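Here you go, one structure.
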Amino acid sequence: MKKYGLIGEKLGHSFSPQIHGLLQDYEYRLYEVERDTLSRFMNETDLQGFNVTIPYKQEVIPFCKTLSDRAAAIGSVNTVVRMKDGSFFGDNTDYFGFEYMLKKSGVSVSGKKAIVLGSGGASKTVQAVLKANNASSVTVVSRTGENNYGNLQLHKDAVVIVNTTPLGMYPNTGVSPVDLTSFPDCRLVLDLIYNPDKTALILQAKSLGIPAFSGLSMLVAQAKEASDIFTSTRSSDDVIASIEKTILSQTMNIALIGMPGCGKTTVGKLLAEMTDREFIDLDEEIEKALGRSIPDVIASEGLEYFRNTETAVLRKISCQSGKVIATGGGVVTIPENKPLLAQNSITVLLERPLKDLESKGRPLSQSKGVEALYNERKDLYQEWSELKIANISPKQTAKEIKEKLFHF
């Protein structure tokens with residue numbers, strides 16, 4: 001079997017092996033390459049071909065005997081193939097990928113001012129696509145260039161913003177390269193990051209009503225193009241949307257919210273078993289972190305201390321992929337937790353009659369009363385949830401969640 005792969009400095013975020021596994025029948029692995037070992041890798045690898053990601057899209061060019069016209073014009077290579085004479089041919093399938101992503105957005109960039117955050121290999125490709133699609137101007141913003149993050153006010157009239165930097169990528173999620181409120185004319189945000197599914201930049205765009213798209217469609221599209229080059233075949237572009245949906249179904253977390261005692265843990269364990277996912281109970285993780293029970297923590301340290309710990313633990317858990325997460329009943333009371341869940345989860349509200357909710361061992365349910373506690377939180381539960389399920393029977397509820405979610 002022929003061997004292919006992806007090279008980059010840090011690849012813990014990558015979905016590429018799953019995508020290529022859905023495209024063709026060949027071996028595809030991740031190869032983390034340190035900067036000072038790139039030359040040795042290029043000279044010694046026995047791969048028939050490979051994709052290239054941060055930070056080597058320009059660094060691999062000197063190792064390629066020939067380049068495609070597009071790769072040469074852009075000055076960036078993300079697909080390398082071994083030729084019959086053993087030499088490397090460098091191509092750029094990111095161009096196809098980003099153009100697919102741009103078309104999928106449904107927003108024309110023709111006649112619009114665009115700014116591109118970052119100046120690396122991916123940035124060069126994005127610039128080429130934007131110019132080919134008749135953007136009125138394309139400005140690169142970098143840390144040290146003429147246009148930098150210290151003078152963004154010069155470009156507050158930007159209509160299109162594209163992030164090509166790794167800022168906000170797993171595992172360092174929750175940060176954004178820019179504040180979109182500084183761009184009142186912005187009408188489209190494209191973030192090449194695909195893990196998490198919704199970066200802080202995308203979440204802010206959506207909160208402001210700005211169309212925003214993650215880089216998953218670009219990743220799948222460029223992979224399809226690269227796979228065609230690897231295998232000297234031509235597959236239909238229709239496969240891109242199908243694979244993107246499959247990858248989302250595999251990688252998105254399922255986060256269960258709802259009142260204490262509504263069955264999140266029981267349903268979550270059953271759902272994890274049905275979907276072959278790891279189950280994580282947020283309350284259990286908090287107790288592990290603190291070495292004490294939650295009632296004891298609240299009694300001795302207070303509710304605010306517990307909530308701060310809950311958010312810190314949730315931050316570590318929520319940026320992971322493909323999990324079932326049972327949250328605590330009060331997770332919705334802290335606004336900071338909402339984007340943490342939203343970045344990589346489909347949030348499901350479990351509903352159960354108040355009379356059936358057990359309050360034993362639940363300090364707030366006991367001190368405030370179940371009905372009062374529900375009245376405080378009911379609007380938040382509704383606002384945070386993307387799917388609402390009545391929990392009548394745990395097994396049936398888990399089955400219903402599975403059936404509904406894997407048709408989204």
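Taking every pair of Cα atoms in the chain, average 1/r, invert it to obtain the Kirkwood radius, and report Rg/Rh to two decimals.
Rounded to two decimals, Rg/Rh equals 1.02.
If you don't mind, there's one more thing I want to ask. Evaluate the relative contact order of the range 252-405 (contact order divided by residue number), counting alpha-carbon pairs under 8 angstrom at least 6 apart; express in whole percent.
38 percent
Another one. Modelling each spin label as a point 7 Å along the Cα-to-Cβ direction, I'd like the Arg292/Thr246 distance in nm, to one decimal.
Roughly 5.0 nm, to one decimal.
Determine, for Leu180, Leu102, the number of other Cβ atoms within 10 Å of each Cβ, and report the residues in order from fewest to most. Intermediate results must be reported in sequence, preceding the final value.
Values: Leu180 18, Leu102 24.
Lowest count first: Leu180, Leu102.
Okay, next question. Computed FRET efficiency, Cβ-Cβ of Glu386 and Ser232, R0 51 Å: what is it to the nearest 0.05?
Taking R0 as 51 Å, the efficiency between Glu386 and Ser232 is 0.75.
Among Thr397, Thr275, rank each residue by its count of other Cβ atoms within 10 Å, from fewest to most, as a rough exposure measure.
Ascending Cβ contact count within 10 Å gives the list Thr275, Thr397.
Can you tell me which of Ile115, Ile202, Ile392 moves the most in a GNM of the chain? Springs connect C-alpha atoms under 10 Å apart.
With Cα springs under 10 Å in the chain, the top fluctuation among Ile115, Ile202, Ile392 is at Ile392.
For the range 194-275, what's the relative contact order in percent, using C-alpha pairs closer than 8 Å and at least 6 residues apart?
Relative contact order comes out at 20 percent.
Same structure, new question: Roughly what would the spin-label model give for Lys316 and Met1, points 7 Å off Cα along C-beta, in nm?
Result for the modelled spin labels: 3.5 nm.
Shape of the range 291-408 from its Cα gyration tensor (a ≥ b ≥ c, root eigenvalues): rounded if a/c is under 1.5, otherwise prolate when a/b > b/c, or oblate?
It is oblate, given that a/c is not under 1.5 and a/b is not larger than b/c.
Which net charge results for the neighbourhood of Leu270, defined as the other residues with beta-carbon distances under 10 angstrom from its beta-carbon, given Lys and Arg at +1 and Asp and Glu at -1?
+3
Okay, next question. Taking the beta-carbon count within 10 Å as an exposure proxy, list Glu285, Glu44, Glu336 from fewest neighbours to most.
In increasing order of surrounding Cβ atoms, one gets Glu44, Glu336, Glu285.
May I ask you to derive the relative contact order of the chain, considering only C-alpha pairs under 8 Å and at least 6 residues apart, and to give it as an integer percent?
Computed value for the chain: 12 percent relative contact order.
So, in nm, how far is label Lys368 from label Thr144 when the simple model puts each one 7 Å beyond its Cα toward the Cβ?
Result for the modelled spin labels: 5.2 nm.
Starting from 0.36 nm per residue, how many nanometres of slack lie between Asp85 and Asp46 once their C-alpha separation is accounted for?
12.7 nm
Same structure again: In the range 247-267, which residues have a backbone nitrogen under 20 Å from the label point lying 7 Å from Glu376's Cα in the Cα-to-Cβ direction?
257-264
Quick note: the coordinates plus some simple rules give every number you see, no bench work behind them. Note that this is a predicted model, so its numbers are computed, not measured. All Cβ positions, even for glycine, are placed from backbone atoms using ideal geometry, and neighbour counts span all protein chains on display.
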